[in-house]
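Asks: Here it is: the structure, laid out below.
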Amino acid sequence: MSTLLSSSIGTYSIRKNDTRSLGESRRTSRGGAFAYGEITFEALTQVILLTNIEPHSVMFDLGSGRGLAVIQTALTFPNLFSKCIGIEMISSLYHVSAAARDQLTDEEQKRVEFMQGDLFKVDWCNANLVFMAATCFDEGMMKSFACLAESKLKPGSKIISVSQKIPSQRFRVVHQDLYRMSWGNAQVYISELL
């Protein structure tokens, strides 16, 4: 597990060809580059423990990248999560996550799934916990996500968001603090749907 999860973690610049599918409105306005980074193993473990999620929960990572957070969660908390699912829009990152899943045992693979798609079009209504690195999300995207989360998730569901809190009165921040990412420290919020 540790080799799979710790290999080549860093901040990446995604190839321009890979971001064409995102469309102009979904690319970050920060110099036109699409940046990629990950939460550290230690930080994700600490934050998940703070969520107080019930056993047999379902976790979704919206924008799962190479799938490390999904695989880490499934392997570190096998009694807490019955399924951990990653949704990734960028083809090359999705393929890396699918290949990483193939390295797991058959039993571990039953609890891990990856889908290539748009978080606004894929169904994630059965999530008890959503993880999303919202560092590059603009205000409009965050508002659209908040409306969607309000309509999809059940009360009591939690969202771990990196860099931005959920812009909705229906979500209560239950924890926030700085945590280590591959690019440095970032604010992490745990929000609960009321």
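The values are calculated or read from the model by the stated rules, or taken from the named source; none is laboratory data. What you are looking at is a predicted structure, and each value in this text was computed from that prediction instead of being measured. A quick note on method: Cβ atoms are made from the backbone with ideal geometry, for glycine too, and the neighbour counts reach across all protein chains shown.
Asks: So which residues in segment 61-96 are buried (at least 24 other Cβ atoms within 10 Å of the Cβ), small (Gly, Ala, Ser) and either in contact with a Ser or Thr (Cβ under 9 Å, 6 or more places away or on another chain) or at pLDDT below 95 (or both), if there are any at all?
Replies: SER64, GLY67, GLY86
Asks: Which residue is surrounded by the fewest Cβ atoms within 10 Å (Cβ to Cβ), if the candidates are limited to segment 146-184 and must be aromatic (Phe, Trp, Tyr) and under 20 Å from THR51 (Cα atoms)?
Replies: So, considering only residues that are aromatic (Phe, Trp, Tyr) and under 20 Å from THR51 (Cα atoms), the one surrounded by the fewest Cβ atoms within 10 Å (Cβ to Cβ) is TYR179.
Asks: Now for a different question. Does segment 125-138 contain any residue that is farther than 24 Å from LEU178 by Cα, buried (at least 19 other Cβ atoms within 10 Å of the Cβ) and not polar (S, T, N, Q)?
Replies: Scanning segment 125-138 turns up at least one residue that is farther than 24 Å from LEU178 by Cα, buried (at least 19 other Cβ atoms within 10 Å of the Cβ) and not polar (S, T, N, Q).
Asks: Here's something else I'd like to know. Any residue at all in segment 61-76 that's within 11 Å of the chain's Cα centre (by Cα), farther than 16 Å from GLN46 by Cα and hydroxyl-bearing (Ser, Thr, Tyr)?
Replies: Yes: one or more hits.
Asks: Then there's this: Please tell me if VAL58 is in a helix (DSSP H, G or I) and either modelled with pLDDT of 50 or more or among the aromatic types (Phe, Trp, Tyr) (or both).
Replies: So VAL58 fails the test.
Asks: Restrict the check to segment 81-91 and report whether at least one residue is within 22 Å of TYR189 (Cβ to Cβ), in contact (Cβ under 8 Å) with a residue 12 or more places away in the chain and part of a loop (DSSP other than H, G, I, E, B).
Replies: Checking segment 81-91: not a single residue is within 22 Å of TYR189 (Cβ to Cβ), in contact (Cβ under 8 Å) with a residue 12 or more places away in the chain and part of a loop (DSSP other than H, G, I, E, B).
Asks: Looking at PHE114, PHE120, PHE131, PHE137 in this structure, which one is in contact (Cβ under 8 Å) with a residue 60 or more places away in the chain and closer than 25 Å to LEU148 by Cα?
Replies: One residue alone meets the criteria, PHE131.
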